[in-house]
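Novice: What follows is a structure written as structure tokens; I'll ask about it next.
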Amino acid sequence: MEKAFGSPSVGGSYPQKNAEILSSQYGINLFLAGLLLTFAWAVHAVGISKSHLLSYLITLMLIQLLWMLWYLGRSCTQRRLIRDKDTHAGARWLKCGITLFAVITLILDSFKIGYYIDFSNCLSPTEGIFPVTHAVHTILQVYFLWCHAKDIIQSFKTLERFGVIHSVFTNLLLWTNGVLTESKHQLNEHKERLITLGFGNITIVLDDHAPQCNCTTTTLCSIFSQGIYYLYPFNIEYHILASTMLYVLWKNIGRKVEHHQQHKTPFKFHGITVGMIFGLVVLTSTIAIVVVYLIQIGRSKIKSELALTMFYLHAIFVLALMCTAGIVALLIYRLEDRSLDNSKNPARKLDAELLVGTAAGSWLLSWGSILAIICAQAHPKYTWYNLPYSVLVIIEKYIQNLFIIESIHREQDKVNDDIKTLRIVTVSRGSTLSLTPAYKEIYNGRAAPESGEVPCLLKGSVCGRESQGSATAEAGQEKSSITHSASGVSFYSGNSVTNNKRRILKNIAAFLFLCNLSLWIPPAFGCRPEYDNGLEEIVFGFEPWIIVVNLAMPFSIFYRMHSAASLFEVNCKT
């Protein structure tokens, strides 16, 4: 009997583990069914149309809407209860980022509604229902994540696991649908560019599923159809961010957490001027390169080759700078002796796994380009720049991943933060040692006694007591002056070195943050040399290489945005 009732935690955790396994399998099957339906529509499978795919996605979104409304209603009735929160999940800057992407997604939905109205004569009603449902889904989901991303659910755990994992894979399917739609548009433009580069032997016909009727308002149709594809990158990032935040919520269900106050680390521009200036220069030059690339590519063979050469040279320079900055940051870490925080943290673990997992997309493309350069029989001049570019892409991600993962696992040096508010007055003949009220406030979280006693700081270095009119205080003042001056110099020199290291690391994090945003822009808005240089298509074949690019490119794009988000967190934490 003692064994039967002596271990309630084991008995309680067993069904919860089963619920976690069952819910994950439910989500995976939901995703695979949608993935196959998406693939069937893309290849014009018999009996499968776009309306079937959209109907499936609409159903998934409606189910998620019902679950979110139920959760919000239950939370509202229990708002007075104290709930556990994961302080590491759902950071404010992450919520602001997903809100920005959501706003642009709503603009995309409005464009889709306008597009449906103009082509309503030959489009299925589901193509009008889908953007309306998606807009409502987006608004409610952003509100849900703002209010409940930090929740650690302890009631109705089995039901909530299924609801959250359903939301995770619904967003992944919406992400997949966006990626496929945007990729088909890029492929149509890609074929035209290859023809101008002289690869006329590529004869594959790509279908863009265009409506089979005339538009009622030609000008508006052109604006809607072109604008939709420029907004898709933001929609894609929105859904992948939402799925990661919901996944952390799913992992936190039933989790036991230690109750301690998190050390808040707001973002500050102070001290990162150098990194911001260099980063903004890279960002500005990248935008200029992308504009010129999109204008020149496909116009003629000479202009296309110049555009590719310009892109490769700029990217090589930026990647070399990023590698150098990352190596400097890692060397600084090797010189510091600070322990790593290995406590259980689902959000931090997911960040590290996403960095390595999504980097594999870029590595796959880079190794494909390296192999194509080695094996190709003919090498146009501009393709040789692809070799150092591909090698640097591999090395840069190695170095950056090491820097980010170590940074998010390093414990914060709270002592230095406290010491920064302390002002030490060196004791000299005829003066007294005093500590500012700022230190009194931070010491143990409360002010020091009004009696004048001030606690000691840094054992054996500085200790003082205010005493008005004390005759004995002047007896050893000259001797203590030398002692306190020496300890003050030692303290300031050590603290100065630490602050310099921290300042360098913050500048590096700020620089890499802007560089990753810069490298996200080209592939997200159609500047993709993996498509346009044509060498890989000759070596691997057009269809195999296009499949590889379409599978790997979304992960490569997401890697840059996720790295930028992680580096923003590193900058706040350093």
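The values are calculated or read from the model by the stated rules, or taken from the named source; none is laboratory data. On a predicted model such as this, the values are computed, not experimentally measured, just so you know. In this analysis, Cβ positions are derived from the backbone assuming ideal geometry, glycine residues included, and neighbour counts consider all displayed protein chains. To get the accessible areas, we keep the full protein, side chains included, count just its heavy atoms, and leave off ligands, DNA and RNA. Shrake-Rupley method; radii C 1.70, N 1.55, O 1.52, S 1.80 Å.
Novice: HN-Hα J couplings of region 366-372 from phi, Karplus 6.51/-1.76/1.60, θ = phi - 60°, integer Hz, Gly and Pro as x?
Specialist: Result, rounded to whole Hz: 5, 5, x, 5, 4, 5, 5.
Novice: Efficiency by 1/(1 + (r/R0)^6): what FRET value for Tyr230 and Gln25, r their Cβ-Cβ distance, R0 = 35 Å, to the nearest 0.05?
Specialist: 0.40
Novice: Out of the total accessible area of region 278-378 (probe 1.4 Å, heavy atoms of protein only), what percent is carbon and sulfur?
Specialist: Answer for region 278-378: carbon and sulfur cover 70 percent of the accessible area.
Novice: What number does region 16-255 give for Rg over Rh if you use C-alpha atoms and the Kirkwood radius?
Specialist: 1.03
Novice: How high is the FRET efficiency from Thr158 to Ala376, r the C-beta distance, R0 56 Å, rounded to 0.05?
Specialist: 0.50
Novice: Now for a separate question. Which order do Leu69, Leu535, Leu35 take when ranked by solvent-accessible area (1.4 Å probe, heavy atoms of all protein chains), largest first?
Specialist: Descending accessible area places them as Leu69, Leu35, Leu535.
Novice: In this model, which of Lys112/Lys184; Lys150/Lys506; Lys301/Lys381; Lys17/Lys95 are farther than 20 Å apart at the alpha-carbon?
Specialist: Pairs exceeding 20 Å: Lys150/Lys506; Lys17/Lys95.
Novice: How far is the Cα center of region 125-181 from the Cα center of region 344-402, in Å?
Specialist: First find each Cα centre; the distance between them is then 31 Å.
Novice: Moving on. Just going by the charge dipole of region 16-255, with Lys and Arg at +1 and Asp and Glu at -1 on Cβ, which of Phe144, Ile240, Gly97 is farthest out on the positive end?
Specialist: Checked the options; the winner is Phe144.
Novice: Something else now. Please work out how much accessible surface Leu37 shows to a 1.4 Å probe, ignoring ligands, DNA and RNA, in Å² rounded to 10.
Specialist: 40 Å²
Novice: Taking the dipole about the Cα centre of region 16-255, with the C-beta of Lys and Arg at +1 and of Asp and Glu at -1, give me whichever of Gly254, Ser120, Leu36 is farthest to the positive side.
Specialist: The Cα lying farthest towards the positive end belongs to Gly254.
Novice: Please compute the per residue accessible area over region 16-255 with all protein chains in place, 1.4 Å probe, rounded to a whole number of Å².
Specialist: Here the per-residue accessible area is 46 Å².
Novice: Please report, in debye to the nearest 20, how large the charge dipole of region 16-255 is about its Cα centre when each Lys and Arg carries +1 at its beta carbon and each Asp and Glu carries -1 there.
Specialist: So the magnitude is around 1100 debye.
Novice: Let me ask something else. Please list, in chain and number order, the residues 5+ apart from Ile297 or on another chain whose amide H is under 5 Å from its amide H, with Hs placed from the backbone.
Specialist: none
Novice: Ordering Phe39, Phe224 by how much accessible area each has at a 1.4 Å probe, largest first, what is the list?
Specialist: Phe39, Phe224
Novice: Heads up, I need the accessible area for Tyr385: 1.4 angstrom probe, whole protein in place, Å², nearest 10.
Specialist: Roughly 70 Å² of Tyr385 is accessible to a 1.4 Å probe.
Novice: Report the local net charge at Ser407: Lys and Arg +1, Asp and Glu -1, summed over other residues whose C-beta lies under 9 Å from its C-beta.
Specialist: After counting each charged neighbour, the total is 0.
Novice: With θ set to phi - 60°, apply the Karplus curve 6.51 cos²θ - 1.76 cosθ + 1.60 along region 292-307 and write out the HN-Hα couplings as whole Hz, x wherever there is a Gly or Pro.
Specialist: 5, 4, 5, 6, 7, 5, x, 6, 7, 5, 5, 5, 5, 5, 5, 5
Novice: Same structure again: Per 0.36 nm of contour for each residue apart, how much would the distance between Ile327 and Thr218 grow if the chain were fully extended, relative to their Cα-Cα spacing?
Specialist: This chain segment gains 33.8 nm when fully extended.
Novice: Follow-up question, since we're still on this one. Any idea how far apart Cys147 and Ile394 come out in nm if each label point goes 7 Å out from Cα toward Cβ?
Specialist: Taking the two extended label points, one gets 5.0 nm.
Novice: Around Thr105, under 11 Å between beta carbons, what's the net of Lys plus Arg minus Asp minus Glu among the other residues?
Specialist: Taking every Cβ under 11 Å from that of Thr105, the sum is -1.
Novice: Starting from the amide H of Arg410, placed 1.01 Å from N in the peptide plane, find each other amide H under 5 Å away whose residue is 5 or more places distant or on another chain.
Specialist: Here Asp341 satisfy the definition.
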